[in-house]
Amino acid sequence: MANLKAIRLRISSVKSTQQITKAMKMVSAAKFKKAQDAILRMRPYAAKINEIIQPLAKSVDDLSQNPYYRTSVVGKILIIPVTSDKGLCGSFNSFVIRETMKFIESQQALGRQVSLLCIGKKAYDYFNRKGFQIIDKITDISGNVPFGKIVPYAEKVMNLFEAKEFDEIRIIYNAYKNPAVYITTNEQYLPVQPADNQKEEPDLHGRTDFIFEPSMEKIIDELIPASLQVKFYRIVLESNAAEHGARMTAMDKATENAEELLYELRLFYNKERQAAITKELLE
């Protein structure tokens, strides 16, 4: 009978865990819907800015005068890993941390000095524990992330690059694809990579000659900082949506595993109970 009691306690414990995973799945689903809506709204805006900038940039004779296109050699790189503040989201954080560590090692092998700006508590805790140079951190971004909270950090990064503190800035994050799939991405943030210089066939039917005031260069100088702010914000939103999708998927799988375990425990309990009753009858 003692064995039956232990099994009943085990069943009760698994049921409680299953209730928790179900609740967490529902919470993650609600947060995911908001995060998904945010990134789906942001993507067309970010794409449109790039669509405007790229043709203008191709028409400018010398982009090297723009501080965000300019390349310099100072032997220092800033890496921005983007993780979550909390766990229970499968391999979401470990993929970013693993990719970041791999990239850090490759840069150190080239003799470059590496600094970090960590987005998410998981990234900060890990790299701070490892003793890396961290210039700043951003946390509390798993909920509704306002544009105004992210812009100051984007501007700080842009100012550091403009001041030639770093010759390259890269962001490593999980790009959202769908609720169950994200792609760990290592993306160059600065310097801005110019569009392919290959000339396209002109569209003679829809061609329009524009007059730019004050000048094409001035317009690009205004648009590039805005596009970089939007890009930084888009990446945070991408990671946010991927995080909640990963957590929702992880909790769904945990709930399924709990159901399978409950089935096995109930089956085992019934067998043990039947054996105990048979033993009592024989005695």
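Every read-out reported here was derived from the displayed coordinates using simple, explicitly stated rules and does not represent laboratory data. Fair warning: this is a prediction, and the values are worked out from it, not measured in the lab. Positions of Cβ are generated from backbone atoms using ideal geometry, with glycine treated the same way; all protein chains shown enter the neighbour counts.
Structure above, values below:
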{"read-out": "Helix axis angle, 92-109 relative to the chain longest principal axis, alpha carbon, degrees", "value": "50"}
{"read-out": "Exposure proxy ranking, count of Cβ atoms within 10 Å, fewest first, for PHE147, PHE103", "value": "PHE147, PHE103"}
{"read-out": "Degrees, to the nearest 10: 216-282 long Cα axis against longest axis of the chain", "value": "10"}
{"read-out": "Overall form of the stretch 95-180 per C-alpha gyration tensor (a/c, 1.5; a/b vs b/c)", "value": "oblate"}
{"read-out": "Rounded to 10°, Cα long-axis angle of helix 147-162 versus longest principal axis of the chain", "value": "50"}
{"read-out": "The stretch 100-144 and the stretch 28-48: distance between their alpha carbon centers, rounded to Å", "value": "25"}
{"read-out": "Shape call, the stretch 113-162: gyration tensor on alpha carbons, a/c limit 1.5", "value": "oblate"}
{"read-out": "The chain - share of DSSP beta bridges that are antiparallel (%, nearest 5)", "value": "40"}
{"read-out": "Overall form of the stretch 1-143 per C-alpha gyration tensor (a/c, 1.5; a/b vs b/c)", "value": "oblate"}
{"read-out": "Mean Cβ neighbour count within 10 Å, used as a protection proxy, ranking 44-57, 243-256, 19-32 highest first", "value": "243-256, 19-32, 44-57"}
